1. Give me the one-decimal nm value for the distance between modelled label points at Q41 and E322, 7 Å along each residue's Cα-to-Cβ direction.
2. Find the relative contact order for the range 183-389 and round it to a whole percent, using C-alpha pairs within less than 8 Å whose residues are 6+ positions apart.
3. Can you give the charge dipole size of the range 134-207 about its Cα centre, rounded to the nearest 20 debye, using +1 on the beta carbon of Lys and Arg and -1 on the beta carbon of Asp and Glu?
4. Return the percentage of antiparallel bridges among DSSP beta bridges fully within the chain, rounded to the nearest 5 %.
5. Between K372 and residues 5 or more places away or on another chain, which pairs have amide H atoms under 5 Å apart, with H built 1.01 Å from N, and which residues are they?
6. In whole Å, what are the extents of the range 198-352 along the principal axes defined by its C-alpha atoms, from largest to smallest?
7. Provide the gained length on full extension for the span E121 to F29, in nm with one decimal, where the gain is 0.36 nm per separating residue minus the Cα-Cα distance.
8. Could you rank the peptides 302-312, 339-349 by their average count of other C-beta atoms within 10 Å per residue, with the highest value first?
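Rule-based calculations on the coordinates, nothing more; no lab input. Everything quoted here is computed from the prediction, not taken from an experiment. Reconstructed Cβ throughout: ideal geometry from the backbone, glycine too, with neighbour counts over all protein chains shown.
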Amino acid sequence: MLGFTYYTPTKVEFGKGAVEKVGALMKQFGGTRVLIHYGGQSAVRSGVLDRVKKSLDEAGIFHVELGGVVPNPHLAKVREGIELSKANGVDFLLAVGGGSVIDSCKAIAYGLAEPEHDVWELYAGQRKAKACFPVASVLTIAAAGSEMSNSCVITNTDEKRAYDDDLARPRFAIMDPELTMTLPDYQTEAGCADIMMHTMERYFVNSGTMELTDALAEGLLRTVMHNAEVLHTDPHDYDARAEVMWASSLAHNGLTGCGSDGGDWMPHLLEHEMGGMFNVTHGAGLAAVWPSWARYVYKNCLPRFVKYAVDVMAVTPGATDEETALAGIAAMEEFYHRIGMPINFKELGIDPTDEQIAEMAASCARACGGAKGSAKVLHQSDMEAIYKMLK
Ligand code: NZQ
Ligand code: ZN
C-alpha cells in the first residue's frame, strides 16, 4: 500500500428536502453575493431553481443567475460567467446541476480569483492556479462526482481538457436523490457508467494490493451495478437513486484510490477526445471505450483483471487467468448492454474516419504529455490502436 494524501473538505447534506438548507449553508460558508449557475432547462422545469432562490432569499443572500451550460461545458460560457460575476461583485459560485455546471462554476471561480490571467492557461497546462473562489453545488444528476472532486473539465472549441487542483474542491454539496428522478434513462445509466469508471480507473493499477481500498471499491462497484439495473426498470426507486448518488461522490473524492499509484485514467483521457470531437455523453463514451481498452491492456495487469472478474463480476474462474480475465471483460459488456449502454463507436452513434482517429490519438497523447497509464503505459500508437478496436 503506497502512501497518500486524502483531502475531502466538502460538507455533504444528503436526503429528501436538503435543497431547502442551501440558504443556511451559504451563510455558514460566508457567501454573500452568489452566482447561481445552471444548465439547459431541467433545473427550471423541475422547480429546483426556484427552491434554491427562495432559500437564498430567506437567508438574505444576494444572487444573480446564469443558465445555458451545455454538457461538455464550453470555455465561452465560463468567460461569460466571469464577466457577469465581476460586474455583480460575486463572492461565491453555486452550481445547480451536474458535472458540467459544477465544472463551469469551478472554472469561473479560478478566473475570478486570478483575473490577471487567462483561465484557459490552466487547462492548457501552462500554469498552476494559486487561488480559487469558493464553489458549492445542488446536485441534480449522479455521475461526474465533481461535487466533491478536485477536477474540472472544460472544452475550448473541440479541445476538452481537465485541470485538477484541491483549490476547487467544493465547500458543500446538497444531494437530494429525489432531484434525479426527472433524468432520462440514458443519462441515469451513463451516470452509473461514469461512477463505476472513476473507481475502475483507480482499481486497474500495477501498484500492488490494498485490501481495504479494494473492498471499498468492489462494494461500490457491485452496489452501482445492482442499482443501475433497478433504475433501468424503475426510475422512481428512491433507495436506488440514493445509493447511486452517494456512490457518485465516493467514487471520485479519492476514497477508492487511497494506497494506489493514483490510477490509470486512460479510458477517461481517450473518452475526453471523443467528447471534444463528437460531443458524446461522457459516461456513454466511457462504456464504449472500456472493453477495447481492457482487451488491449489486460495481459499487463492480469492479477487485477482476474480479481475484478471474480470479485466484482462474479465470474467462475476459468482454466487460466487469461480466460478468467477475458470472461470478466465479456461480463462487463453484457452488463453495459443490460443498462442500455454502448460498447463500441457504432452503438455510441459515431463513425470516426481513420483521419479523425489519428487526430484524437495525437490530441490524447498531447493531453497525456506523451504517454500515460498504470494498467499499461499507452503511447500515441497504442491510443490509435484502441480507437480502431472500437470501430
Ligand atoms: O442542461 P440540463 O437541462 O440541466 O440537462 C442536463 C444535461 O443535458 C441533464 N440533467 C441534469 N440533471 C437533470 C437533468 N435532466 C433531467 N433531470 C435532472 N435532474 O443531464 C444532462 C447531462 O448533464 P451533465 O452535467 O453534463 O452530466 P454529468 O454530471 O455527467 O457531467 C458531465 C461532464 O462532467 C465531466 C465530463 O467530462 C462532462 O464534461 N467530468 C467531470 C469530472 C469532475 N469534474 O470531477 C469527472 C468526470 O470524469 C467527468 O470527466
Ligand atoms: Zn468520468
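1. About 5.5 nm, to one decimal.
2. 26 percent
3. Around 200 debye, computed over the range 134-207.
4. Approximately 25 percent, going by the DSSP bridge assignments.
5. Those lying under 5 Å, H to H, from K372 are L378.
6. Result, largest extent first: 39, 35, 30 Å.
7. Length gained, E121 through F29: 30.3 nm.
8. 302-312, 339-349
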